[in-house]
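Working notes for the structure below.
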Amino acid sequence: MAGVSGCIKYSMFIFNFLFWLCGILILAVAIWIRVSKDGQEILSSGDSATNPYVAVNILIAVGAIIMILGFLGCCGAMKESRCMLLLFFIGLLLILLLQVAAGILGAAFKSQTERVLNETLYENVKLLSTAGENGKAFQTALSEFQEEFKCCGLVNGAADWGNNFQQYYKSCECPEKSDSPCVTYDNKSIYKQPCISLIKDLVAKHILVVIGIAFGLAVIEILGLVFSMVLYCQIGNK
């Protein structure tokens, strides 16, 4: 029995160490998405009251909590503390339930989320042609995005820039030897593709990264729940 208990204890420690590492990973990825320049200002600009980064902010908090729980589980396993193991089990179970609830809500409101993103991008088109300071941050962000991803304009191409086209056309400029399709606009050779589809693809890739981490984390959480409860019961039987 002692050998089995020791095996479970060290297995519990290893899985919780992995759980702690996953907490660090999800926290790092969430922070990276939150501070990434790629599309951040594009998504957060405008008059929309919806913040597309709310989910990422929640992930940052969850990642920090997971790190704490992983540390608690490691200490509870090595010290054979029933109190710490019970706290770990309850906290881990709550996080798993929250993840399941978040997944169900995400699937239920997927179309609404896509609609909000689409409305936000279409609403921000008008900022490209404004001459005031209100649109400067958005114009600079899209200009950098255009240069990196070889696109021009947001929805309707270069025409979205209006009178500001001459100021920002350099980021739209299509070189003679280019892999991307080019068109002529206002006597300038510019990229044909608008940026809206590329922005949506970028957001989708970030979401896939988060979903992949969440699924991997759920597997480790279930294993952590099993090991912690088995060890909790065995310590009580000593």
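Count of region 84-105 residues, restricted to those that are modelled with pLDDT of 85 or more and open to solvent by 60 Å² or more (accessible area, probe 1.4 Å), is 6. Considering (1) out of contact with any Ser or Thr (no Cβ under 6 Å at 6 or more places or on another chain); (2) open to solvent by 90 Å² or more (accessible area, probe 1.4 Å); (3) assigned to a helix (DSSP H, G or I); (4) acidic (Asp, Glu), the lone condition that Asp201 does not fulfil carries the number (2). If I filter region 101-122 for residues that are under 27 Å from Pro175 (Cβ atoms), touching a residue at least 60 places away in the same chain (Cβ under 8 Å) and in contact with a helix residue (DSSP H, G or I) (Cβ under 8 Å, 6 or more places away or on another chain), do I get at least one hit? Within region 101-122, one or more residues are under 27 Å from Pro175 (Cβ atoms), touching a residue at least 60 places away in the same chain (Cβ under 8 Å) and in contact with a helix residue (DSSP H, G or I) (Cβ under 8 Å, 6 or more places away or on another chain). If the condition is being open to solvent by 10 Å² or more (accessible area, probe 1.4 Å) and either among the β-branched types (Val, Ile, Thr) or assigned to a loop (DSSP other than H, G, I, E, B) (or both), then region 121-173 contributes Val125, Ser129, Thr130, Ala131, Gly132, Thr140, Lys150, Val155, Asn156. When the criteria are applied in full, Asn118 meets the requirement of being in a helix (DSSP H, G or I), of a type in the set (S, T, N, Q) and within 23 Å of Ala30 (Cα to Cα).
The values are calculated or read from the model by the stated rules, or taken from the named source; none is laboratory data. Not measured: the values here are computed from a predicted model. As a convention, Cβ positions derive from the backbone with ideal geometry for all residues, glycine included, and neighbour counts pool all protein chains shown. Side chains included, ligands, DNA and RNA excluded: accessible areas come from the protein's heavy atoms. Shrake-Rupley method; radii C 1.70, N 1.55, O 1.52, S 1.80 Å.
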